[in-house]
Amino acid sequence: MSEASGATRRKLLSPVTCYLIPATLGAASVASFAPLEQFWLLPLTLAALFHLLQSSPNWQQAFCRAFAFGLGYFLVGVSWVYVSMSVFGGLPMPLAALAVLLFCVFLALFPAIAGGLFRRFLPATPVRRTLAFAAALTLADLARGYFLTGFPWLAFGYSQTAPSPLVGFAPLVGVYGLGFLAAFIAAAIACALQQHHGRWGVSILVMAFVGWVLSGQQWTQPAGDSIRVALVQGNVAQDVKWQPEHTRATLNDYLDLVARHPAKLTVLPETALPVFFDTLPQAYLQELARLAKRQQGDLLLGVPTRTAAADSEDYWNAAISLGVSPNQHYAKSHLVPFGEYAPPGFDWFLRQMNIPMANFSSGSARQPALHLAGQRVALNICYEDLFGNALRATLPDATLLVNMSNTAWFGHSLAQSQHLQIARLRALETGRPMLRATNTGVTAIIAPDGSVVARLPEFESGVLTGEVQGYTGLTPYARWGDMAALLLALGALAWVWQGRAGSKIPPS
């Protein structure tokens, strides 16, 4: 091959290497998450990314490659955002597509910055490169989970639910710690292929074995008697949910489902009743309370609430309890940007969308567990269960985790199964059962080890019943929260940086 033809070939391959290959790797990585849950795939795609980054001629090229990886990753992984904006939000198709693209571009900046910094300060030895890669991606995931209220969906660690051998580490270091370990294994795989050295394979096997051993460790203990629960899935179509002419049918359907499934604790989904609580007929509320009291129990009702002040426009995405226990109230604190509130300067965007009650007020960040049905319930609404560090505020007092959601906004998409996988991680991190009552799915009972005990079919009306045992005690993650993963990543970087002294650093 002549020198000219070789140069032409390199010129043609450059865009492919810089953008198409890493974007394809990012898109393929989504198969590691629910519903496919091919946990082994993410370490392989990250191993390829590790190779692309460390072989980049400079940090700018590494930034572009990591950005392309992130863009492919998020465009496929959170494609369901388009459904809520266009199908149900009424945003014109081109504008909705542009909004999703810009959203994914923003999310892709986090791995891009991590990739650029990794190449800019590329350590000289493979061991230190491995740790630096894992630390950089972990810190990027952490930053994405907290910056501007955070959007930690598809954090790398969510890919490592069972049957991944790493799942046993979840009660120790949480989802971000799992992401660190997955990225470390990915870099170790790349180093093993480059160096043909058995020590990398041994280190991977040791980590897998330790994770398997830890998966048998019980960090929390049963507390009190088990209770019968009923999780109601109304399956009310999103396009008719808020139409006044359908309100009576919705109320009657929920009343009928509750009446036919007596339980100690009954849970209805987020905004199950599409009217303000104070406008509900007293006779209707009294009947719900009566049904809850049949088993000497309680009922949790998802319903919007508002202030009593006539001149106030404050209203909340909330839950109200009815039954033998004193009536209690929970207001969602972690609201969804552009769906439940408008960030400063973006009121115009919400005005373009047809989303009822799109500007909720935020509840208190620290609300106590609810005392219901002889249990202490840590309640969270919708995507609040993405924030494991926030759920710790109710521990060790809480004995049960309960999530009330309405993911009908996202139709038949990846969102349903991905959200269930997130809930499984919260159960693992806290050593508590997680009960999910959703409008269209996935309504499920999750054990403290993260396994799904029972679930309802999606997009069908029904009630999931079962016996649930409360738990008490603290896992290491419940004590330390995301600080464990942060210290793990910072400690790795500190050791890597210390090793730079006197080392020959490759040019960037």
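Table for the structure above
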{"quantity": "Subset of segment 401-416 (residues that are farther than 8 Å from Gly441 by Cα, without any contact (Cβ under 8 Å) to a residue 60 or more places away in the chain and not aliphatic (A, V, I, L, M))", "calculated": "Asn403, His412"}
{"quantity": "Output for segment 376-406, where each listed residue is assigned to a strand (DSSP E or B), among the β-branched types (Val, Ile, Thr) and touching a Lys or Arg at 6+ places or on another chain (Cβ under 6 Å)", "calculated": "Ile381"}
{"quantity": "Options Leu291, Leu299: the member that is closer than 16 Å to Val229 by Cα, of a type in the set (A, V, I, L, M, F, W, C) and assigned to a strand (DSSP E or B)", "calculated": "Leu299"}
{"quantity": "Qualifying position, being surrounded by fewer than 21 Cβ atoms within 10 Å (Cβ to Cβ) and aliphatic (A, V, I, L, M), among Ala66, Ala124, Ala114", "calculated": "Ala124"}
{"quantity": "Enumeration of residues in segment 200-258 that are free of Cβ contacts under 8 Å to residues at least 24 places away in the same chain and not assigned by TED's automatic domain parsing to the domain that holds Leu268", "calculated": "Trp200, Gly201, Val202, Ser203, Ile204, Leu205, Val206"}
{"quantity": "Residues that are small (Gly, Ala, Ser) and closer than 22 Å to Phe209 by Cβ, drawn from segment 137-171", "calculated": "Gly157, Ser159, Ala162, Ser164, Gly168, Ala170"}
{"quantity": "Among the candidates Asp225, Asp239, Asp278, residue that is under 22 Å from Val402 (Cβ atoms) and acidic (Asp, Glu)", "calculated": "Asp225"}
{"quantity": "Any hit, segment 129-136, residues being at pLDDT 95 or above, surrounded by fewer than 22 Cβ atoms within 10 Å (Cβ to Cβ) and assigned to a helix (DSSP H, G or I)", "calculated": "yes"}
{"quantity": "Residue in segment 103-119 that is over 30 Å from Val240 (Cβ atoms), touching a residue at least 60 places away in the same chain (Cβ under 8 Å) and among the basic types (Lys, Arg) present", "calculated": "yes"}
{"quantity": "Any hit, segment 254-264, residues being at pLDDT 95 or above, assigned to a helix (DSSP H, G or I) and of a type in the set (Gly, Ala, Ser)", "calculated": "yes"}
{"quantity": "Test: residue in segment 341-355 that is part of a loop (DSSP other than H, G, I, E, B), crowded, with 18+ Cβ neighbours inside 10 Å and modelled with pLDDT of 90 or more", "calculated": "no"}
{"quantity": "Residue satisfying all of: in segment 447-467; closer than 20 Å to Arg260 by Cα and without any contact (Cβ under 8 Å) to a residue 40 or more places away in the chain; surrounded by the most Cβ atoms within 10 Å (Cβ to Cβ) among these", "calculated": "Arg455"}
{"quantity": "Residue that is under 26 Å from the mean Cα position of the chain (by Cα), modelled with pLDDT of 95 or more and on the phi > 0 side of the Ramachandran plot, where the choices are Gly174, Gly157", "calculated": "Gly174"}
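Yes/no matrix, rows are residues, columns are (1) out of contact with any Gly (no Cβ under 8 Å at 6 or more places or on another chain); (2) in the same structural domain as Lys241 (by TED's automatic domain parsing); (3) of a type outside the set (Ser, Thr, Tyr):
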residue: Leu268; (1), (2), (3): no, yes, yes
residue: Phe276; (1), (2), (3): yes, yes, yes
residue: Leu291; (1), (2), (3): yes, yes, yes
residue: Arg294; (1), (2), (3): yes, yes, yes
residue: Gly297; (1), (2), (3): no, yes, yes
residue: Thr305; (1), (2), (3): yes, yes, no
residue: Tyr330; (1), (2), (3): no, yes, no
residue: Leu335; (1), (2), (3): yes, yes, yes
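The values are calculated or read from the model by the stated rules, or taken from the named source; none is laboratory data. Since we're looking at a predicted model, the values are computed, not measured. Reconstructed Cβ throughout: ideal geometry from the backbone, glycine too, with neighbour counts over all protein chains shown.
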